[in-house]
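Let me begin by presenting the structure, written as structure tokens, before commenting on it.
Derivation of every value follows stated rules applied to the coordinates shown; laboratory data play no part. Just so you know, these numbers come straight off a predicted model, no measurement behind them. Neighbour counts run over all protein chains shown; Cβ positions are idealised from the backbone, glycine included.
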Amino acid sequence: MTTSALAEPQSLVREMIRKVSSIATLPEVTARIITTVEDPNSSAAQLHAIVAHDPALVTRVLKVVNSAFYGLPGQIASIERAIVLLGLNAIKNIAIAASIGQLFRGVKLTDRFTARDLWTHCIAVGVCARDLARRMKLPIADEAFLAGMIHDVGTLVALQVCRDKLAEVCQAASSADQDFCALELQIIGVDHQQLGQALCEQWKFPRPCQLVAGFHHRPEALASEHRVLVGLVHVADTLCCAGGHGFNLTALNQKLDDVTLAQLRLDPIVVAQTREALPELVANSSRIFA
């Protein structure tokens, strides 16, 4: 193992985040949208003014708004109307999805998977977490969708900074019954959770999303008040990896037993219902967000 890999983990995380280029900064319009929506004093008119200045973003947002994903009656022809019907948070999440998706370009992770497969997986986890939240009647379906989509963003950092080591991790995970994060720590020195949380902090994402990026493989490490959203994404990640939806090595060996679900306060019947609905959910959403 190199000297760099042996460095103190937080120093290594900071070093790797500094080295990333194309993903280090979110597109300006997306960063402004996040800042605006997170400001409690902001208005729908302010969000409309930001989005309306990016015609390509307007097109992508309206495509999602008018899809079966939201199931709104009739065609929505303007961003202003979309904001009124869906709210600021939903439009923020669609805008982030449109921006983040551009970062997952066709670079190979392994012989079997590309970065586009990783994005397919992130979409799947987002819609799966959203479905779980809705079935559980939790008022965080929009947050669950966004959190699921960004949960593996740390893998993009590793892909840019140490692609060969990430490929080595993937190869080892493909051929052995080993924990993906443990292999990352062994080979890279940090795991994609640490990198993802640091990147989400730099992007000024909401704190719950930062925690999802940093703890989606170990929600039990968080205090109970921070565990609900992370738990939803943990379960969604496990279901999507088991179902083979996109890049599935990170949680291939995660298990969902009754004890785990009880700790996360998730109903096993609801989880089973979402698992059954997942292929159709993923097929529909992939066409919209790919």
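What is the range 226-290 by shape, rounded, prolate or oblate, if you read a ≥ b ≥ c off the alpha carbon gyration tensor as root eigenvalues and call it rounded for a/c under 1.5, prolate for a/b larger than b/c, and oblate otherwise?
prolate
Below 14 Å, Cα to Cα, which aspartates and glutamates can LYS204 reach? Residues fewer than 8 away in the same chain don't count.
GLU28, GLU38, ASP39
Find the relative contact order for the chain and round it to a whole percent, using C-alpha pairs within less than 8 Å whose residues are 6+ positions apart.
22
Put +1 on the Cβ of each Lys and Arg and -1 on the Cβ of each Asp and Glu in the range 1-151; which of THR114, ILE17, ALA147 then has its Cα farthest toward the positive end of the dipole?
THR114
Within 14 Å, Cβ to Cβ, of GLU201, how many net charges do the neighbouring residues add up to if Lys/Arg are +1 and Asp/Glu are -1?
Computed value for this residue: +3.
Ranking LYS19, LYS108 by Cβ neighbours within 10 Å, fewest first, what do you get?
LYS19, LYS108
If you fit an axis through the alpha-carbon atoms of helix 163-175 and take the longest principal axis of the Cα set of the chain, what angle between them do you get, 0 to 90°, nearest 10?
Computed tilt is about 80 degrees.
Could you work out the relative contact order of the range 207-290, using alpha carbon pairs under 8 angstrom and six or more residues apart, expressed as a whole percent?
Contact order relative to length: 21 percent.
Can you compute the helix-only [θ] at 222 nm over the chain? Use -39500 (n - 2.57) per DSSP H run of at least 4 residues, normalise by all residues, nearest 500 deg cm²/dmol.
Counting only the DSSP helices, I get -20000 deg cm²/dmol.
Considering only HIS192, VAL161, CYS181, whose Cα is most displaced toward the positive end of the charge dipole of the range 153-195, charges sitting on Cβ of Lys, Arg (+1) and Asp, Glu (-1)?
VAL161
Using only Cα atoms and rounding to the nearest 10 degrees, what angle (0 to 90) does helix 268-289 make with the longest principal axis of the chain?
For 268-289 against the chain, the angle is about 70 degrees.
Counting pairs of alpha carbon atoms under 8 Å apart in space and at least six apart in sequence, what relative contact order in percent does the range 157-217 give?
After rounding, I find 27 percent.
At a 10 angstrom cut-off on C-beta neighbours, averaged per residue, how do the peptides 83-96, 212-225 rank from highest to lowest?
Put in order of decreasing packing, that is 83-96, 212-225.
What nm value, rounded to one decimal, do you get for the distance between GLN46 and GLU80 when each label is placed 7 Å out toward the C-beta?
1.9
Dividing the convex hull volume of the alpha carbon atoms of the chain by its residue count, what do you get in Å³ per residue?
Convex hull volume per residue, Cα atoms: 127 Å³.
Amide H to amide H under 5 Å from THR114: which residues, 5+ apart in sequence or cross-chain, H placed 1.01 Å off N in plane?
For THR114, the qualifying residues are LEU109.
Hey, can you rank 163-171, 148-156, 236-244 by average C-beta count inside 10 Å, highest first?
Per-residue mean Cβ counts within 10 Å order the peptides as 148-156, 236-244, 163-171.
Any idea what diffusion coefficient the range 172-243 gets from Stokes-Einstein, in µm²/s, Kirkwood Rh on alpha carbon pairs, 4 °C, 1.567 mPa s?
100
First select every other residue whose beta carbon is under 10 angstrom from the beta carbon of ALA213; then total the charges, Lys and Arg +1, Asp and Glu -1.
Computed value for this residue: -2.
Report, in degrees rounded to the nearest 10, the 0 to 90 angle that the Cα long axis of helix 88-100 makes with the longest principal axis of the chain.
50
Classify the range 157-290: rounded, prolate or oblate, from the alpha-carbon gyration tensor (a ≥ b ≥ c, eigenvalue square roots; a/c under 1.5 rounded; otherwise prolate if a/b is larger than b/c)?
Here the range 157-290 falls in the rounded category.
State the percent of C-alpha pairs, over all pairs in the range 100-199, separated by a distance greater than 24 angstrom.
Value for the range 100-199 (Cα pairs over 24 Å): 26 percent.
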